[in-house]
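The numbers here are math on the coordinates, done by the rules we state, and not lab data. A quick note: this is a predicted structure, and the numbers were derived from the prediction, not measured. In this analysis, Cβ positions are derived from the backbone assuming ideal geometry, glycine residues included, and neighbour counts consider all displayed protein chains.
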Amino acid sequence: MQHDPYTLARVPVRKWDVLEVFAKFGNRKAIRAVKALPERDGLLDEKEIDRLLVRTHWEMQRLGEEFYHGPRVYELLRAVIDAIRRSGFKGELKVVDVGCGIGYDMRWLAARTPLANEGVELTGFDLNSALINEANRLSKAERLPCQFQHGDAFSLDHSGHIFLSTGVLHHFRGQELREFLERHERPETQAFLHFDFQPWLLAPYGSWFFHFLRMRTAVARHDGVLSAARAHSAGTLTEEARHAAPGFASGIYGAKIWNTPAPRVFHTLLGIRRPLIEELRKELGRRVGRLGELR
Amino acid sequence: MTLLWLYLLALLDGLLCGGRVSMGRCALIKKRAYYARALVRGWLGAQLISTIALVALLLVNRFSPNQRDLVEDLEDAAERMLWVFVPYAVAVVGSLALRMIPSTDLRSATSVFGLGPFTAIRPLVMVAGVGYGIWGSQLVETRALGLFILGLMLSLEFFLNRSAGARQRREIREVV
């Protein structure tokens, strides 16, 4: 899928071009998955691709539900919000989900937590209009107090006090990752929470097993495994964040289970303005042990 | 009594199959009613295969030249099957019960170490259970019935999955 970077309009994609990319890597699974995608006159059929994406995101939501991702996001977000409030912030707090897909995180927070009644605005952004339409359809169906917009979450047209994302960071590498993190440096932004796969020895195998069991589409199975393999280490994330967004103290939250050596599937890159650190520690309470070094 | 236990286990399996094939096919947040319908469909599917199995059993019994020994042989085979199916069911239900504990890590761990692997081995457990059951049976009728019921059990999830997939495709076509 490709978009014009300025207008965000969809750009037609030639199936052959996609096949060529994967052929370069010798990725036979991906080639098989792409070959199965519907096409029209050599171009990927946009409507069918949108349907596949929606279907795949429904399946991804299932993994989020199974691994209790909503409560995990809320646990840390709650502490961050309370820390910001305690520091004297009175107005409406804007929480922005970057690359929200069908908006599971925001919809879960809107449905299962009191945030929306506490002056917290929940908004999701994605570059894919089909996913945003689906996110809005789902939130309307359940009358949830959250909204979704097609576009760039960091655009100067919007503001965000807290940026969060799930499974987005591993899509960026090198300079792109740095640029992504740099974009958090806005005067109004107080914190960012980016949840992503935690790389470790067994992660690709575990990911393969679970995606094979739980996902039904070839694309989802393939991408899930690739995501685990492409995940950034805690060292890379904190180093890049400290370099790219020096106005924040950055660190990793929730890397280990119960402070044992056993790693969680996801870890969180947390960035927070320095004056808020002590309040955050207090708000985390007994969970403060999950917080790595913030600097 | 043994056959009743097998019937109850088949219903439990049907319920869980119904739930499993529905997962990842509805992206709402509040979906208790959706899952309830899915469980009912699984339960009905299990009822249907249990009924077919019962009819097959009665027909075999009616036309078997070994009517007197058949019931005893079937009971013995069913008892052996329980040695495989009951521990599996206890492990699955135990994993589900652990999810009542309000710890996100513990609940996730039940997926990683319990429900995920148990889903993966379900067909193998079916084959092992029925295989162990009919291995020591004396009559060819028992073996044939065992294999027939195995086919029914394995096909349950397949058909529930196909039906859920068709519903999902229709829904996605409506929304995209």
**Message:** Charges at C-beta only: +1 for Lys and Arg, -1 for Asp and Glu. How large is the resulting dipole of chain B about its Cα centre, in Debye rounded to 20?
**Reply:** 1200 debye
**Asked** Spin-label point model (7 Å from Cα, Cβ direction): what's the residue A:282 to residue B:101 distance in nm?
**Response** 3.3 nm
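How charged is the neighbourhood of residue A:22? Take every other residue with its Cβ under 13 Å from the Cβ of residue A:22, and add Lys/Arg as +1 and Asp/Glu as -1.
+3
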**Asked** To two decimal places, what compactness ratio does the range B:1-99 give when its Cα radius of gyration is scaled by 2.2 N^0.38 Å?
**Response** 1.35
**Prompt:** Once label points are set 7 Å from the Cα along Cα→Cβ at both residue A:156 and residue B:147, what is their separation, rounded to one decimal in nm?
**Reply:** 7.6 nm
**Asked** Taking the alpha carbon gyration tensor of the protein assembly as shown, what are the square roots of 5 times its eigenvalues, largest first, to the nearest whole Å?
**Response** 47, 26, 20
**Message:** With a cap of 13 neighbouring Cβ atoms within 10 Å, and only residues DSSP puts in a loop, list the chymotrypsin sites (Phe, Trp or Tyr not before Pro) found in the range A:1-67.
**Reply:** A:6
**Ranking of A:197, B:159 by count of other Cβ atoms within 10 Å, fewest first** = B:159, A:197
**Prompt:** With N residues in the range A:1-44, what two-decimal value do you get for its Cα radius of gyration over 2.2 N^0.38 Å?
**Reply:** 1.26
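Please compute, for peptide A:53-64, the average count of beta-carbon atoms on other protein chains lying within 10 Å of each residue's beta-carbon.
If you average over the peptide's residues, the count of other-chain Cβ atoms is 4.
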**Request:** Calculate the mean, over all residues of peptide A:221-229, of how many other protein chain Cβ atoms lie within 10 angstrom of the residue's Cβ.
**Result:** 0
**Asked** Amide H to amide H, which residues 5 or more places from residue A:249 or on other chains are under 5 Å from it, using H placed in the peptide plane?
**Response** A:272, A:273, A:274
**Request:** Show the residues, 5+ positions off or on another chain, whose built amide H is closer than 5 Å to the amide H of residue A:266.
**Result:** A:198
**Item:** For residues of B:95-108, the mean tally of beta carbons on other chains within 10 Å
**Value:** 3
**Sparsely packed trypsin sites (Lys or Arg not before Pro) within the range A:76-133, loop by DSSP, other Cβ within 10 Å at most 16** = A:90
**Message:** For residue A:90, give me every one of the lysines with a C-alpha distance below 25 angstrom, ignoring sequence neighbours fewer than eight places off in its own chain.
**Reply:** A:282
**Request:** Treat the count of other C-beta atoms within 10 Å as a stand-in for reagent exposure and order A:125, A:163 from fewest to most.
**Result:** A:163, A:125
**Asked** When the Debye formula is applied to the Cα atoms of the range A:49-290, each taken as the same point scatterer, what base-10 log of I(q)/I(0) results at q = 0.11, 0.12, 0.14 Å⁻¹?
**Response** -0.54, -0.66, -0.92
**Complete:** Here the range A:37-53 yields Karplus 3J(HN,Hα) values (6.51, -1.76, 1.60; θ = phi - 60°; whole Hz; Gly and Pro given as x) of 6, x, 9, 9, 6, x, 9, 4, 5, 4, 5, 5, 5, 4, 4, 5, 4
**Asked** Between residue B:68 and residue B:158, what FRET efficiency follows from the Cβ-Cβ distance if R0 is 41 Å, with the result rounded to 0.05?
**Response** 0.65
**Asked** Of the beta bridges DSSP finds with both residues in chain A, what % are antiparallel, to the nearest 5?
**Response** 55 percent
**Item:** Pairwise label distance in nanometres, residue A:4 with residue A:173, each label 7 Å out on the Cα-Cβ vector
**Value:** 2.9 nm
**Exposure proxy ranking, count of Cβ atoms within 10 Å, fewest first, for B:100, A:60, B:23** = B:100, B:23, A:60
**Asked** Hey, got a sec? Which GluC sites (Glu not before Pro) in the range A:24-128 land in a DSSP loop and have at most 15 other Cβ atoms within 10 Å?
**Response** A:92
**Fill in**
Phi angles of the range A:222-227, converted by Karplus (6.51 cos²θ - 1.76 cosθ + 1.60, θ = phi - 60°) into ³J(HN,Hα) in whole Hz with x for Gly and Pro, give 5, 5, x, 5, 5, 4
**Request:** Quick one: which residues, 5+ away or cross-chain, put their amide H under 5 Å from the amide H of residue A:3? H built at 1.01 Å from N.
**Result:** A:11
**Item:** C-alpha center-to-center spacing [the range A:244-295, the range A:129-162] in angstrom
**Value:** 27 Å
**Asked** Where nothing but the Cβ of Lys and Arg (+1) and of Asp and Glu (-1) is charged, how large is the charge dipole of the range A:1-44 around its Cα centre, in debye to the nearest 20?
**Response** 300 debye
**Message:** Expected output is a single nm value to one decimal: the length gained when fully extending between residue A:121 and residue A:28, i.e. 0.36 nm times separation in residues minus the C-alpha distance. What is it?
**Reply:** 29.1 nm
